[in-house]
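This report refers to the structure that appears directly beneath it.
The values are calculated or read from the model by the stated rules, or taken from the named source; none is laboratory data. Worth saying up front: this structure is predicted, and the values here are computed from it rather than measured. Backbone-built Cβ (ideal geometry, glycine too); neighbour counts: all protein chains shown.
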Amino acid sequence: MQTSQRINSFRLFQRVLALGEVGRTEKGGVTRRALTEEDKKGHKLVSRWMKESGMTVRYDNFGNLIGCKEGTEPGLSPVIIGSHIDSVKNGGRFDGIIGVLGGIEIAQVLKEENFTHKRSLEVIAFCEEEGSRFNDGLFGSRGVVGKITQEDLRKTDEKNITRYEALLNFSDEIDPQKIDQSILSVKDVFVYLEMHIEQGPLLEEEDCAVGIVTHIAGPHWMNFTITGEAGHAGTVPMHLRKDPVPAASEIILYIENVCSDPNMKETVGTVGIVEVEPGGSNIIPSKVRFSLDLRDIDLKRREDLYEKVCGKVHEVCEKRQLQWRVDEGMRVPPVSCAPRVTNQLLKSMESLGLPQKTMVSGAGHDAMLLAEIAEMGMVFVRCRKGISHHPDEWADQDDIAKGTNVLLESARVFLNE
Ligand SMILES: [Zn+2]
């Protein structure tokens, strides 16, 4: 009879802190951008820990670092636990990290208790999730689901180094010419699990250490341009103006209002950029450009909201005799976690005496892509004040341990299914 251990929370936390020293900035944050020298040091540490946990370590051609603890029936598709270890500039020590190091800790516990499992356990640190070097994120996870093109490889960083060159120089094992060989399909993954800090304030507010994600919201980005007529702030009387700024204000308030509807709790709308032209304190502006980021877990509701906002823009601009235009950006559908996986994670929470909190992810993660080829589930861990991508990012040792134990208990089940 095997006895079920819990994870070693001290060992796990020490590793989180140790990795946080790699690329440490003067401001107390971490800069470990993908495929840089700092990233290489991080990868060295992580591969060492993977080996200590009884895993063999390899790279795929997207620069994803993969540890594998082989099961007794290697012909079966593996259970994969993944996340990322790259960071934004002057970012935090927990974002992505806890998912990868948590996975390694799980492998180590299973090794220490001689747990036998049919399926292999793979832990993956995906390449460039943050997009802080080549300006587009989720590179490694987009890669494994077949969404990377030659154009993505030709992207350059600020020193004009292409991603192709960066991959080539990172490790002898990576051959960006052969990315096709690293694409996975449905038969290559049994279940995909990811643990991540929440990056929001909900768990803290509700006094829960851990939450299970049911949906990942999909973002729809766009830019509105409203054009009127410039004029002298002193000489043009109010009734003769075609000022786009009050129009934009009306529209932005409308967006806040519709997104605050209590029946649309998972709907959020954010205007993050407002630019006024020509931009002088004594000039009536001729043009306003503002961005809009709409997110929801319900695609139809998000599309309806987009139509509503456009209708409002049209109405306001007609009333004020202004021209308007919308330019579309990213338009990603929301993703649902697999109910079978979510239910198992909730069962594990119950067995650990944790409240069965479920929630929605407003931010995108590697899991979003993996959902295209695998049944996917996500665990969120409370982080202090919801702060992330910042030196003040923090998650407690105990909370990370709880999240990892939930994953461990579920992994035990999936590994023998
Ligand atoms: Zn992350």
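So Arg93 fits all but one of (1) surrounded by fewer than 21 Cβ atoms within 10 Å (Cβ to Cβ); (2) part of a loop (DSSP other than H, G, I, E, B); what number is the exception?
Among (1) surrounded by fewer than 21 Cβ atoms within 10 Å (Cβ to Cβ); (2) part of a loop (DSSP other than H, G, I, E, B), Arg93 violates only (1).
Scanning region 21-43 for residues that are surrounded by fewer than 19 Cβ atoms within 10 Å (Cβ to Cβ) and either of a type in the set (D, E, K, R) or not assigned by TED's automatic domain parsing to the domain that holds Tyr164 (or both), which turns out modelled with the lowest pLDDT?
By that ranking, first place goes to Lys27.
Identify the single condition in (1) in contact (Cβ under 8 Å) with a residue 12 or more places away in the chain; (2) over 24 Å from Lys265 (Cβ atoms); (3) out of contact with any helix residue (DSSP H, G or I) (no Cβ under 7 Å at 6 or more places or on another chain) that Leu407 does not satisfy, given that it satisfies every other one.
The single condition Leu407 does not satisfy is (3).
Go through Ala411, Ala338, Ala367 for me and flag whichever is of a type outside the set (Lys, Arg), away from the ligand (no atom under 16 Å from the Cβ) and surrounded by 24 or more Cβ atoms within 10 Å (Cβ to Cβ). If you could, list the steps in order and put the result at the bottom.
Values: Ala338 fails: surrounded by 24 or more Cβ atoms within 10 Å (Cβ to Cβ); Ala367 fails: away from the ligand (no atom under 16 Å from the Cβ).
After ruling out the rest, the residue left standing is Ala411.
When Ile97 is evaluated against the numbered criteria (1) out of contact with any His (no Cβ under 7 Å at 6 or more places or on another chain); (2) away from the ligand (no atom under 12 Å from the Cβ); (3) touching a residue at least 24 places away in the same chain (Cβ under 8 Å), which criterion, by number, is the only one it fails?
(2)
For region 302-332, name all the residues that are surrounded by 14 or more Cβ atoms within 10 Å (Cβ to Cβ) and at pLDDT below 95.
Correct list: Arg331, Val332.
Given (1) in contact (Cβ under 8 Å) with a residue 60 or more places away in the chain; (2) within 16 Å of the ligand (Cβ to nearest atom); (3) at negative phi; (4) of a type outside the set (Val, Ile, Thr), where does Glu128 come up short, assuming only one miss?
Answer for Glu128: the failing condition is (3).
Scan region 261-304 for residues that are in contact with a strand residue (DSSP E or B) (Cβ under 6 Å, 6 or more places away or on another chain), among the hydrophobic types (A, V, I, L, M, F, W, C) and not in a loop (DSSP other than H, G, I, E, B) and jot them down.
Val268, Val274, Val276, Ile284, Val288, Phe290, Leu292, Leu294
Name the residues in region 132-171 that are of a type in the set (Val, Ile, Thr) and in contact (Cβ under 8 Å) with a residue 24 or more places away in the chain, would you? Before the answer, list the steps.
Taking region 132-171 as the starting set, the residues that turn out to be of a type in the set (Val, Ile, Thr) are 144-145, 148-149, 156, 161-162.
If the condition is that a residue be of a type in the set (Val, Ile, Thr) and in contact (Cβ under 8 Å) with a residue 24 or more places away in the chain, then Val144, Val145, Ile148 are the ones that fit.
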